[in-house]
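Engineer: I'd like to ask you about the structure that follows.
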Amino acid sequence: MTTVEAGRAAPPRPARSRRSPAAPVLALLWAGAAAVLALWWTGAGSVTGAAGWLTGAGRIAGLLCGYSCAVLVGLMARVPLLEVRIGSDRVARWHAMAGRYTVSLLVAHVVLILAGYSAEDGTPLVGEALAVVHLPDMLKALAGTAVLLAVGFLSARAVRRRVTHEFWYYVHLLTYAAVFLAFGHQIGLGEEFTGSPVATGLWYALYLGVAALVLWFRILTPVRLNLRHRMRVESVRQEAPDVYSVLVRGRRLDELGARSGQFFRWRFLRPGMSWTSNPYSLSAPPRPDLLRVTVKALGDHSAAVAGLRPGTRVWAEGPYGSLTADRATAHRSLLIAAGVGITPLRALFETLPGDVSLIYRARTAQDLALSAELEEIAGRRGSQVLYALNGPRGERPRIDPAWLRAAFPGIAGYDVYLCGPHGFAQELYAALRSAGVPDRRIHHESFAL
C-alpha cells in the first residue's frame, strides 16, 4: 500500500441524510399479501376432506403467485422512489427474492390444485393434468407458466454465471408476456373473482396500476429524456487494461438531476449495441453539458465500448442509485473500492462533503484506473488515497478489522461507502462490522444487478 497526502483544504459542510423509505414500502407489500389472503378467506366456503384442503391450499398459492407477479414487475418498473431513495441494487435483490417466491408459489399452485382435483375425482394425477388443459384460458396459463419457469431457471446463480448478460436480459423481458398470459386464467377460473365485481375490480386495478408504472417510467420517461437532451459520444479514452472512459455530450444535462455516485442505463446506437442497455456509473461529477462513465470489459456490451466513435447517438435512462451524499450521517467518510467499483467512488471522492479518505483495491498498479485524477483530488482536498495491491507473489493485502481500526482511528464514527464485486463487498462489510462500524453507516451498491 502507498499513501498520497497533501495539504488540507477546507471541505464543504456535510449534506443532510434522508431516511430511506424501504421499511414503509416493504410493509405495504406485505400488507398487500395479507389482503390477498383475506380475499381467499372471505370467498372460501367450508373446507372438508383432503381434496378440499389440497384445493384450498392450491388456490391460496395461486392468488399469492398472481400478486407476486404484479410485485415482480412493479419492482423493475424503475420508479424513482425505489431506484433513488432505496437503491437499485437493493430493489434488484427484492426483485430476485420476489422471483423465487413467484416460482415456488407457481409450482405449489399447480401441484396442489392437480392433487386436490385428483383426490376429488378419484383419477390419477397425470390424467387430471391432461383433463384440465381443456379448461378456458388454460393453454395461455400453461404458456405463461413455462415462460416463468424458464426465467426462474436462467436467473439461478449457477446458471446466470454461464450466460451472457444480453441473453439473460432478453429472456427476462418475456416475464411481461408470462404475466399477461396468466392474467386471463386468474380472472376466468379464480373462484374468488367469479361473481365478485369488487374483487375483480381490485385485481384489475393492481395489474393496470403496475402496467401504468412500466409504461410511464420504462417507456415514456426515457423517450422524453432522450428527445430533450440529445446525447452523443464525445470521445473514448483508455484508462487501464480493458478499462475505458466514455465522455457523453448533451443539451441541458443539469436538468437530469444526476449526482455523484449515481448511474444510468446506457444504450449506444450502433450495430451490435443498440438492443441492449447496461448500467454504468458516472465516474466524474456531472456537468451541464457533459457526463462521463468508465467501463471495464466484462461482457459483449462493455467490451464493445472501446470501439465507440465520436458522434454515436446515445440512449440513456436514469439517473438511478442511492450511493450519494444524501446517505452521509457524519463529517468523516471512508470510500472503499475494488476494480471498476472505483467509478462512482471517484465522483464521490471529489464532491462528498467533510473529511474523506479512499482505499482502492486492485491486483497491480497497471490495473489502477483514474489514479492520476484521484491523486490530484487528494492533493486538492488534503485527503488520502491508499492503494491495496497484490504482493510480488500475488498475495492479497489484508484489510481486516485490526488494520481498519489502526489506519482510521475512530472508524466506528465514519460513514463508509463501499463499491466493488459481490464477494469483495461481502468480505469488507463483515470486516467493517467487526471493526465497529454500525450497519446504518455502511453504504454500498453491488455490481450483481
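The values are calculated or read from the model by the stated rules, or taken from the named source; none is laboratory data. Here the structure is a predicted model, which is why all the values come from computation and not from measurement. Reconstructed Cβ throughout: ideal geometry from the backbone, glycine too, with neighbour counts over all protein chains shown. The area values use the complete protein model at the heavy-atom level, side chains included, leaving out ligands, DNA and RNA. Shrake-Rupley method; radii C 1.70, N 1.55, O 1.52, S 1.80 Å.
Engineer: Could you give me the percent of Cα pairs per 5 Å distance bin for region 321-444, shortest bin first, beginning at zero and ending with the bin that holds the maximum distance?
Structural biologist: Per 5 Å bin, starting at 0, the Cα pair percentages come out as 2, 11, 23, 25, 23, 12, 3, 1, 0.
Engineer: If I require 27 Å or longer along the helix axis, counting alpha carbons, and a Kyte-Doolittle average no lower than -1.0, what helices from the chain are left? Use full DSSP H segments.
Structural biologist: 22-43, 49-75, 88-121
Engineer: How big, in percent, is the set of alpha carbon pairs in region 250-368 lying more than 22 Å apart?
Structural biologist: When all Cα pairs of region 250-368 are counted, 38 percent exceed 22 Å.
Engineer: What residue among V159, V79, V236 shows peak mean-square fluctuation when the chain is described by a Gaussian network model with Cα springs under 10 Å?
Structural biologist: V159
Engineer: Looking at region 409-449, what % of the alpha carbon pairs are farther apart than 12 Å?
Structural biologist: Here the long-distance tail beyond 12 Å is 53 percent of all Cα pairs in region 409-449.
Engineer: Per DSSP helix of 4 or more residues, -39500 (n - 2.57); summed, then divided by the residues of the chain. What does that give at 222 nm, rounded to the nearest 500?
Structural biologist: Result for the chain, helices only: -15000 deg cm²/dmol.
Engineer: Using alpha carbons only, how many angstrom separate the centre of region 330-357 from the centre of region 377-394?
Structural biologist: First find each Cα centre; the distance between them is then 13 Å.
Engineer: Can I ask one more? Hey, quick one: spin label on T364, modelled 7 Å out along Cα-Cβ, who in region 397-437 has an amide N within reach, i.e. under 19 Å?
Structural biologist: Only 397 pass the distance filter.
Engineer: Taking only Cα atoms of region 113-175, what ratio of Rg to Rh do you get with Rh as the Kirkwood inverse-distance radius?
Structural biologist: Taking Rh as the inverse mean 1/r over Cα pairs, Rg/Rh reads 1.18.
Engineer: Of the DSSP beta bridges with both residues in the chain, give the percent that are antiparallel, rounding to the nearest 5.
Structural biologist: 55
Engineer: Keeping every protein chain present and rolling a 1.4 Å probe, give me the accessible area per residue for the chain in Å².
Structural biologist: 48
Engineer: In Å³ and rounded to a whole number, note down the convex hull volume per residue for the Cα atoms of region 378-430.
Structural biologist: In region 378-430, the Cα convex hull volume per residue is 123 Å³.
Engineer: Then there's this: I'd like the Kirkwood hydrodynamic radius of the chain, using the inverse of the mean 1/r over distinct C-alpha pairs, in Å.
Structural biologist: Here the Kirkwood hydrodynamic radius works out to 24.4 Å.
Engineer: Ok, one more. Can you list, largest first and rounded to whole Å, the semi-axes you get for region 141-251 by taking the square root of 5 times each eigenvalue of its Cα gyration tensor?
Structural biologist: 39, 23, 8
Engineer: Along its three principal axes, how long is region 189-335 when you only count alpha carbons? Whole Å, largest extent first please.
Structural biologist: 65, 47, 31
Engineer: At 1.4 Å probe size, with the rest of the protein present, what percent of the exposed accessible area of the chain is carbon and sulfur atoms?
Structural biologist: Carbon and sulfur together cover 62 percent of it.
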